[in-house]
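The structure under discussion appears below in the form of structure tokens.
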Amino acid sequence: MNPAESPISPELWQIFRAASQAAHGLGHAEVEPEHLLLAAAFMDTEEHPFWASQGVSGLRIFRELYATLTGEKNLPKNLPLTGRTEAVIAAAVSAARQQDDVATIADLVAALLQEKQGVAYETLHAAGLDPDHLTQDRPRF
């Protein structure tokens, strides 16, 4: 697919790659939504201000989630996505398309919150994020 025609923003592609690396580094066989959140939380920078716009610390989310996910043996790279992960990505892309936009971190976090299950959801929920109260502005990177 031509990146210019992709329904996914460049920073979200970067998150997907980082999520696969995170899953491998943690010794997991597949990329789960929690790995997506781990990668997204790691991108807590001035260039990617999503977390600050929500009033939470991406670093805090990263640390808490990483502490929860560590401790498994190493497995091969290029890990497949689970059905849950594919569903989260599809929901993020669908939400962005409804606004004639590409999927961003905001769409990914909203999709993780709407899943209402798993460690990623629990981490975001504990940080005080709610899908009905995410800021509506769609930052461009």
_Pairs of alpha carbons in the range 3-133 whose separation is greater than 23 Å (percent)_ = 25
*Would you pull out the residues with amide H under 5 Å of L81's amide H, same chain only if 5 or more places away, H placed 1.01 Å from N?*
V31
*Pulled fully out, how much extra length does the chain show between R17 and Q98, if you take 0.36 nm times their separation in residues and subtract their Cα-Cα distance?*
26.7 nm
*Tell me which residues come under 5 Å, amide H to amide H, from G27 once H is placed; ignore anything under 5 positions away on its chain.*
L75
*How many nm separate the modelled label positions at T68 and E30, each set 7 Å beyond the Cα in the direction of the Cβ?*
1.8
*Counting pairs of alpha carbon atoms under 8 Å apart in space and at least six apart in sequence, what relative contact order in percent does the range 3-133 give?*
30
*Starting from the Cα of A52, step 7 Å along the direction of its Cβ; do the same at Q117; then give the gap between the two resulting points in nm.*
3.6
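Computed from the coordinates by the stated procedures, all read-outs in this text should not be read as laboratory data. What you are looking at is a predicted structure, and each value in this text was computed from that prediction instead of being measured. Please note: Cβ atoms are built from the backbone with ideal geometry, for glycine as well, and neighbour counts cover all protein chains shown.
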